[in-house]
Amino acid sequence: MRLLGLLVATLTLFSDTRAEEKASLPRAKEELSTQHFFKSHCVKCHGAKNAKGGVRLDQLDKRVSLGFDFETWTSVHEQIREGQMPPEDETQPDNRDRMQVLSWIGAELDKAQTSDRVRYLSGQFAFGNQVSHEKLFGGEVGGRSFSPPRLWRVNPNIYDRTKRRILKHHWEALGRVRQPFGMDARPGFNDYAVNLHADSATLETLLRNARTIVDHQLSRDVSEAFRMVLEAESPSRDQIDAAVRHQFKSLVYRLPEQVELKRYREYMLRAINEAGNTREGMAVCLKAIALMPEAVYRMELGLGDKDEHGRRRLSGSELAFAISFALTDDPPTAETWSASREGGLQSRRGVQSEIERILNDEAIAKPKILRFFREFFGYHRAPDIFKDAKRFRNYDWGKVPYQLVHEADLLVLHIVNRDKDVLHELLTTRKFFVGHFGPEVEAEKLEERLAALRLLHDYWIDKPWKELKYELEPEVRTDMEALHPYFRTQPAKHRMSGGLIKDYMEYLPGCYRSGIRPMLAQFTLMEGERERNLTSAHDQRFFLGAYNLEIDQFDCPTEQPFEVNPKERVGLLTHPAWLIAHSKNTETNPITRGKWIRERLLAGHVPDVPITVNAVVPEDPHKTLRERFEPTRQAECWRCHKKMNPLGMTFESYDDFGRFRTTDEISGKRIDARGHLDSSGDAQLDGEVGNAIELVERLGKSRRVRQSFVRHAFRYWMGRNEMLSDAPTLMAADEAYLNSGGSFDALLISLLSSDSFVFRKEVEK
């Protein structure tokens, strides 16, 4: 029997080997066919004599499956597939040869997904759409999903929260603790998990921060655990252990393991003895804890059990941190730690329950959700675009884009909180927030503030308010605070001033004469964790122009959001903040807008401009921007520009300040906002559109747009781009979103409980 088994095994092995040999024959034939194809159709334009676009295909590395020249091979595959290569004016290959070449390149690119080189590229946002959309959502890819073991750099928000928790309101110390890692202001997601090396500047910053924090801990807010060590003539083992535990809880967010406790205990004793001073020796040890990798990076290595597929589950503590930091800027709560210790995070249902609990707990701030939508749409970058205030008829343009971003935030939060058909609503809503405090402010509270303004007007209308100084006299301030509780309850830095009264009195009389509700000053504008104070009613009224509204005619609704003008504004892509963020300093930017739609909503890819191309739009005051873009329709340009221009041109009905228009202000010609969708990947999408509103309404109904949105959510919360092995995770997330009626919470729960989030495995080389 043993001999028979050996014989069967040998025959099976021989059979498998012969099968592999047979399978390799067509692959080798395809490779030879590819080489012949390149020689016949490609090298003429991309060879030694004429390397168009700086690309030489005769020097491409054939080791595609190992990730060599991956970007170029991907581009070649894309251009051959779409019929862009060879060019139309060159001899065309027959369809059989074209398909054979595509088959070989496609198979090699699929193999390359597991190579180290492609793993590196997968961390670059621009490479996020390179994996076939059809394969990811086609149901053909099976297997078990996972993520590679990785580190996350602690993002600025988490770092700021940590230092504020320790340093509290000691502003001098807060100012000395700087961000160790810079976040690139790039058009993508800025919280990617990466294996960072710390350069000398980063190390110096970390050392300086550690010194500042520890000095504060030992001189200002000294904890009981630290005080016991400092006051002891010869600190005991228990006292040192208590100090070490306290520092771990403060900076590492967990208690030390026994081996760690022993190591740092011995280190502190040795440091005290060598320094001859308890404080200095203790400081050395506490700074060492502050510089631990876990205090600087978020570690997700997969320290849990190994399954039959070679994957390691995140340990209970790793998963507790991963879930918490996925949604908040704070370490795990006591409830999450409890679930971790009791084994509640060891099953998918347990993980889902904990995520649901956090999402439903209104007391837990979840800033990562808003941050995702900001970075997905990119509207928060509007303040970064320089604008000439005079063109907007505003002496202080700098405050306007922040207000517009704030109102875009309010709209996003309003739709996300309703949690129904979220993406469709974001793209097609008719309602906007304009000059509003926020969705959390009740209409009754706003009415009370409006009543306060009426009292303010009635008090000053017959008095010499124009003569007021900025600082009110004490008796005047007393009178003002007596008018209405609103004036008494304002924080000191927001209290009524002479300047603010004059601003209001220039505005309020006209409102009451016309019978319209005045706008309320938005005292505090939130931008992430930073505050921008807008204390002037005068300043607050300037942004109305971006909505094509006039201050002396605008009856500000107390119940918002409301319809501004449904024939002009539909969804976030026609919001002034988005339009400004995707514009240039002095004009619109159809290329950027079209590229955004192609890559963010259609899961497409637009190559970067070749270095040999002078991508400058010619100036001509007698032509519209569409007419000036005609040179991009040349064959060598149109291959890429046809993916962008017809999409971006639909937004020409809006100028670079986001204002709706029908006429080009430079040439005086009527705006042509027609466009079309082509090669979108969704046949129902393709076709002519009359303007941006028609475009976004069509996009809002598309399955491909929904799936592209899911892909971007995956990238943000997984900290990396998709691999083919993530197909089950993406399909499950899309199904969860669809079956829940477009619930973003359902999408998040699916992603954060998926195998891609929970399991770690080294990618095979």
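The values are calculated or read from the model by the stated rules, or taken from the named source; none is laboratory data. Just so it is clear, the model here is predicted, and its values are computed rather than measured. Neighbour counts are summed over all protein chains in view; Cβ atoms, including those assigned to glycine, are modelled from backbone coordinates with ideal geometry.
Looking only at the range 693-709, decide whether some residue is among the β-branched types (Val, Ile, Thr) and either on the phi > 0 side of the Ramachandran plot or in contact with a Gly (Cβ under 8 Å, 6 or more places away or on another chain) (or both).
Looking for residues that are among the β-branched types (Val, Ile, Thr) and either on the phi > 0 side of the Ramachandran plot or in contact with a Gly (Cβ under 8 Å, 6 or more places away or on another chain) (or both), one finds at least one in the range 693-709, hence yes.
Is there a residue being under 22 Å from residue 302 (Cβ atoms), at pLDDT 75 or above and of a type in the set (Lys, Arg) anywhere in the range 171-190?
no
Sort through 667, 679 and tell me the only one that's touching a residue at least 40 places away in the same chain (Cβ under 8 Å), more than 19 Å from residue 595 (Cβ to Cβ) and polar (S, T, N, Q).
Sole residue among the options that is touching a residue at least 40 places away in the same chain (Cβ under 8 Å), more than 19 Å from residue 595 (Cβ to Cβ) and polar (S, T, N, Q): 667.
Quick one: what pairs do we get from the range 233-256, first residue assigned by TED's automatic domain parsing to the domain that holds residue 283 and under 14 Å from residue 288 (Cα atoms), second part of a loop (DSSP other than H, G, I, E, B) and among the basic types (Lys, Arg), C-beta under 9 Å, 6+ apart or different chains?
Close Cβ pairs (under 9 Å, with a partner that is part of a loop (DSSP other than H, G, I, E, B) and among the basic types (Lys, Arg)) amount to 248/254.
With respect to residue 386, is the statement that it is touching a Gly at 6+ places or on another chain (Cβ under 9 Å) and aromatic (Phe, Trp, Tyr) true?
no
Take the conditions in contact with an Asp or Glu (Cβ under 6 Å, 6 or more places away or on another chain), in the same structural domain as residue 143 (by TED's automatic domain parsing) and over 23 Å from residue 317 (Cα atoms) and apply them to residue 745. Does it pass?
Criteria met by residue 745.
Conditions (1) surrounded by fewer than 19 Cβ atoms within 10 Å (Cβ to Cβ); (2) outside any loop (DSSP other than H, G, I, E, B); (3) at pLDDT below 85, marked per residue:
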site	(1), (2), (3)
488	yes, yes, yes
502	no, yes, no
509	yes, yes, no
512	yes, yes, no
518	no, no, no
539	no, yes, yes
546	no, yes, no
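For residue 379, state whether it is surrounded by 21 or more Cβ atoms within 10 Å (Cβ to Cβ) and either more than 25 Å from residue 249 (Cβ to Cβ) or not polar (S, T, N, Q) (or both).
Against the criterion (surrounded by 21 or more Cβ atoms within 10 Å (Cβ to Cβ) and either more than 25 Å from residue 249 (Cβ to Cβ) or not polar (S, T, N, Q) (or both)), residue 379 qualifies.
Taking residue 351 as meeting all but one of (1) modelled with pLDDT of 90 or more; (2) buried (at least 19 other Cβ atoms within 10 Å of the Cβ); (3) farther than 30 Å from residue 149 by Cβ; (4) not acidic (Asp, Glu), write down the number of the exception.
Single failed check for residue 351: (3).
Residue by residue through the range 136-157, note down the ones that are at pLDDT below 90, at negative phi and out of contact with any strand residue (DSSP E or B) (no Cβ under 8 Å at 6 or more places or on another chain).
140, 141, 142, 155, 156, 157
Tally up the residues in the range 207-224 that are buried (at least 18 other Cβ atoms within 10 Å of the Cβ) and among the hydrophobic types (A, V, I, L, M, F, W, C), please.
4
Restrict the check to the range 664-680 and report whether at least one residue is at pLDDT below 95, surrounded by fewer than 22 Cβ atoms within 10 Å (Cβ to Cβ) and within 26 Å of the chain's Cα centre (by Cα).
For the range 664-680, residues at pLDDT below 95, surrounded by fewer than 22 Cβ atoms within 10 Å (Cβ to Cβ) and within 26 Å of the chain's Cα centre (by Cα): absent.
So if I check each of 444, 471, 448, 481, which one is over 23 Å from the mean Cα position of the chain (by Cα), assigned by TED's automatic domain parsing to the domain that holds residue 558, farther than 20 Å from residue 565 by Cα and outside any helix (DSSP H, G or I)?
Answer to the selection: 471.
Starting from the range 304-319, keep only residues that are within 9 Å of residue 760 (Cα to Cα), then list their pairs with residues that are buried (at least 20 other Cβ atoms within 10 Å of the Cβ) and of a type in the set (Phe, Trp, Tyr) whose Cβ atoms are within a distance under 6 Å, requiring at least 6 positions of separation or different chains.
Listed pairs, sorted by first residue: 311/146; 311/759; 313/759.
Which condition number does residue 276 fail, the rest of (1) on the phi < 0 side of the Ramachandran plot; (2) out of contact with any His (no Cβ under 6 Å at 6 or more places or on another chain); (3) modelled with pLDDT under 95 being met?
(1)
What is the number of the single condition among (1) part of a loop (DSSP other than H, G, I, E, B); (2) free of Cβ contacts under 8 Å to residues at least 24 places away in the same chain; (3) not basic (Lys, Arg) that residue 221 does not meet?
(2)
Give me the pairs, please: first residue somewhere in the range 467-487 and aromatic (Phe, Trp, Tyr), second residue anywhere and part of a helix (DSSP H, G or I), beta-carbon distance under 7 Å, and either six or more positions apart or on two chains.
Taking only residues 6 or more apart or on different chains, the pairs are 470/498; 470/499; 486/448; 486/449; 486/452; 487/452; 487/480; 487/481.
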